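Laboratory data are not the source of any read-out in this text; all were calculated from the coordinates shown. These numbers were taken from a predicted model, which means no experiment stands behind them. Here the Cβ is made from the backbone with ideal geometry for all residues, glycine too, and neighbour counts use every protein chain on show.
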């Protein structure tokens, strides 16, 4: 068990990022919360955690800002013990024939490129100390039948799943775990651009009769960052309510 750990949460301004911090902050000496836009939930966490909470801003849709964030992280926090990655472009359903390359590129920039740039800072330092945990938020689109009209979103989530599995193999002998969780549709502000009919239909067709909530999803994330998951790596945990 490593003491005085540091947690980095990218995309911490998301409902899931904020909820994870709220649940696990007591386990860490420092919690670094990346955000693109400050919000009330981050303000509440900062007030509750005091000096333990460190906010760091960067717009991951911008390449230079992403690289600046990674460089700042390396300079100020040479070792990040646990890294949880949540950034994602809000879901917007669009037929493939009407999708542009820019739609795919936006998903790549916000979710994949940011993870690559930050992980290239985090993982080598974890490898030197022979300890670390990395967690990536994926999606239930990576298990079972892919949803319609989400080709860009689904493609990037699969790319990230492949990277997780590759990194898990590369760093397993350094005592570093790399895992993903893939929840079904979850009631968060992330669904703000999803038509209400789609969300309602998803809830109606779910075996549990509703969409997921944070209490269904975040405990798995907390587990994967815990000592109990030291032997779990390279996995994609589906949280789908029985689908």
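As a proxy for reagent exposure, ranking 38, 101 by other Cβ atoms within 10 Å from fewest up yields 101, 38. Packing, taken as the mean count of other beta carbons within 10 Å per residue, orders the peptides 114-126, 46-58, 72-84 from highest to lowest as 114-126, 72-84, 46-58. Across the chain, Cα pairs under 8 Å and at least six residues apart give a relative contact order of 20 percent.
Of 210, 113, the sequence from fewest to most neighbouring Cβ atoms within 10 angstrom is 210, 113. Between 0 and 90 degrees, the angle of helix 114-129 with respect to the longest Cα principal axis of the chain falls at about 40 degrees. Once the Cα atoms are used to define both axes, helix 151-171 deviates from the longest principal axis of the chain by about 30 degrees. Relative to the longest principal axis of the Cα atoms of the chain, helix 15-24 runs at roughly 40 degrees.
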